[in-house]
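So the structure is just underneath, and the comments pick up after that.
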Amino acid sequence: QVQLVESGGGLVQAGGSLRLSCAASRSIFSFNAMGWYRQAPGKQRELVARITSGGSTNYADSVKGRFTISRDNAKNMVYLQMNSLKPEDTAVYYCCGMTVMRDYWGQGTQVTVSS
């Protein structure tokens, strides 16, 4: 059973920073890609950032230049550095491990940005 465990969420003022972490129970090389999604109340879950096993990254337009996704293959960790946070970044953030057969999800971590 694959487990993804997020941490690092919290309450921060607008303009502040947070770093989310995702710990995987197996080698992250076993995933085609790792991603961070978020879901705000009343909205659909959306992709925030994604990093492939080869290290290629892509970001939602709304976070480009502010968020950075990275991975530590030795530690089976994926990170999301979030800078210049805005109130509209408030959401539950989920780590996702993507394979050909299925996606695996963490339980989510709440990020709240106050104005």
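Here are the numbers for the structure shown:
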read-out: Per-bin percent of Cα-Cα distances, the chain [10 Å]; value: 15, 51, 29, 5, 0
read-out: Amide H contacts under 5 Å for Arg26, placed H, 5+ residues apart; value: Gln3
read-out: Where labels lie 7 Å past Cα in the beta-carbon direction, separation of Thr112 and Ser7 in nm; value: 2.1
read-out: The range 2-46: relative contact order in percent, alpha carbon pairs under 8 Å with at least 6 residues between; value: 32
read-out: Mean Cα-pair separation over length for the chain, i.e. relative contact order, pairs under 8 Å, 6 or more apart, %; value: 37
read-out: Label point distance in nm, Met101-Ser84, each placed 7 Å from Cα along Cα→Cβ; value: 4.2
read-out: Probe 1.4 Å - accessible area at Val12, Å² to nearest ten; value: 20
read-out: From phi via Karplus (6.51, -1.76, 1.60), per-residue ³J(HN,Hα) for the range 70-85 in Hz, x at Gly/Pro; value: 8, 9, 10, 5, 5, 9, 6, 10, 10, 10, 9, 8, 10, 10, 6, 5
read-out: Other-chain or far-sequence residues with amide H under 5 Å of Gly16's (modelled H); value: Leu85
read-out: Accessible solvent surface per residue of the range 10-115, calculated while the other protein chains remain in place, 1.4 angstrom probe, Å²; value: 51
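The values are calculated or read from the model by the stated rules, or taken from the named source; none is laboratory data. Quick caveat: nothing in here was measured; it's all calculated off a predicted structure. FYI the Cβ positions are ideal-geometry reconstructions off the backbone, even for glycines, and counts take in every protein chain you see. Just so you know, the surface numbers come from the protein's heavy atoms only, side chains and all, with ligands and any DNA or RNA stripped out. Shrake-Rupley method; radii C 1.70, N 1.55, O 1.52, S 1.80 Å.
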